[in-house]
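Please read the structure below before turning to the comments.
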Amino acid sequence: MGNGVRRTTFRERYANLHRHLRTNILSGEWMPGDYIPPENELAQSFRLSRPSVRKVLNELAEEGLIRTLHGKGSIVSEPDAPSTVLRLFWGMPSFEFEAINRIVETFNRSNGRVKVEMMQVPRETLTAATREGAFPGPIKPDLIGLANTLFFQISDREPDKLLKPLAWPEAREFYEPYVRAFSHRGKLWAAPITFAPIILVYNKSMFDAHHIPYPDESWTWDELLKTSRALTEYDGDQAERYGFSFTASVNRWPLFVLQNGGTFVEGGEPLPRDERTLEALQFTADLMYKHKVSPIFSTGKARTGEELFLRQKVGMILTSYTFLDQFEDIGFDWDFVRFPGSVTDAGFGIATGVGISATCQSEQAAMQFIDFMTSESAQSDLKANVCSIPCRRSVAESRELPHPPVAGDRYYLFERLTEHTRTMKDLGLTYGQFTELDNELGLLWANVESVDGVWSTLQDKWRSCK
């Protein structure tokens, strides 16, 4: 038997050296005038011959990144005026925009050859482009920052109308569920940048006032319901406070099904009559209508639960790491744990990525920026400034690199959650099927349809379409 160590090919070692040198130059790790390590040192480190190392250096010299001093070695060149300007359309939450923009500015300062102009665009702009297969108007992006939920929609159509597939050997250094979230038919269409598991956040001060033990790993839905009842308060028919807030968000409710061991596809057929799935969805409705421990809002603003939590109108919420940034200096103690599962330890997560637009005319320059965004330095900067987790595994799991103090000691909980995490693309449904299911479930959460009725309606409809 082998020792399990994978041998790299010459092509991979050659590409690794090229990427290593380029990243150090473009990231600003090596400044203009700095010497490149000697050829014999690079040859030994990357297990290449000196002629192969010299060929890599010649390629970088042709790009204008380095120049050779006879008898002394190679140094980083002074950058010329930017020869390429790229537009990055970013459609993610505003509190991540600032952190991403700082990284863009660092890239622009350290790389005089390529400049990136970042534009925050409404999510609706990206959604409309996905629907129409093109961006309207005269301004077209070269790079697109998108959520995995949007890519799920894109992948249901023809991804190559909006994005170019990536040749990205770094993928193995990133968390596999989130690489998978931006992949389709064997191709990667965006490099994952950050991810955020869905977690249970609770008001410690409220628990203390009611002498209720904090949630822990032993919790099931029974404990969730029992504690929600204890925290819920009514004044007659008027709710003063709810114990838990269920939010009918596509990034939240699937976790109930996964944590109950349910499934959306069986034997290639969508929506099997799986009792665990139906039980989980019924439980979400019962929280609002039967047990009355959760506010009733089947539609509305996406972050209503977080807003109620900030006002101490609810004791526990389902949210993601991304929104922990909002909870700094809020005036009461809080913490977070894994969402309790009735049967299994499954997790659900969301992610952001950056892809190259199909309209980009400077693909090599765009790839330079993606390499920079996924480099250790940029990923470390993200880790220090936002609660979303960097997708590069070595950076995310490093105890030497700082993370936002607001996340506290629980920050590394994500390590346990990631092993069993799934994203929307892993549920087995197409985007069209998932959207129809979500729309029908809105009737369940509005209390005008049963979960059996939802299933029967969709099964009959999809069966007739075959």
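Computed from the coordinates by the stated procedures, all read-outs in this text should not be read as laboratory data. What you see is a predicted model; the values in this text were computed from it and never measured. Neighbour counts are summed over all protein chains in view; Cβ atoms, including those assigned to glycine, are modelled from backbone coordinates with ideal geometry.
Take 372-384, 114-126, 396-408 and order them by the average number of nearby Cβ atoms within 10 Å per residue, most first; the result is 372-384, 114-126, 396-408. Here's how it looks for GLN120: its modeled amide H is under 5 Å from those of TRP90, which are all 5 or more places away or on a different chain. In plain terms, the C-alpha convex hull of the chain casts an average shadow of 26.4 nm² when viewed from every direction. Compared with the dominant Cα axis of the chain, that is its longest principal axis, helix 50-62 is turned about 80°. Taking the average, over residues, of other Cβ atoms within 10 Å as the packing measure, peptides 235-243, 334-342, 425-433 rank 334-342, 425-433, 235-243 from highest down.
Shape summary: the stretch 323-426 maps onto an equivalent ellipsoid whose semi-axes, from the alpha-carbon gyration tensor, are 29, 19, 13 Å in decreasing order. Magnitude of the charge dipole for the chain, about its Cα centre and with charges confined to Cβ atoms of Lys, Arg (+1) and Asp, Glu (-1), is about 1560 debye. The Cα center of the stretch 231-284 and the Cα center of the stretch 312-383 differ in position by 23 Å. Note on GLN312 and LEU69: their simple-model spin labels are 6.5 nm apart, each label 7 Å out from Cα toward Cβ. Rounded to the nearest whole angstrom, the semi-axes of the ellipsoid equivalent to the stretch 383-435, taken from the Cα gyration tensor as √(5λ), stand at 29, 12, 10, largest first.
Stokes-Einstein diffusion for the stretch 10-76 at 10 °C, viscosity 1.306 mPa s, with a Kirkwood radius from C-alpha pairs, works out to 134 µm²/s.
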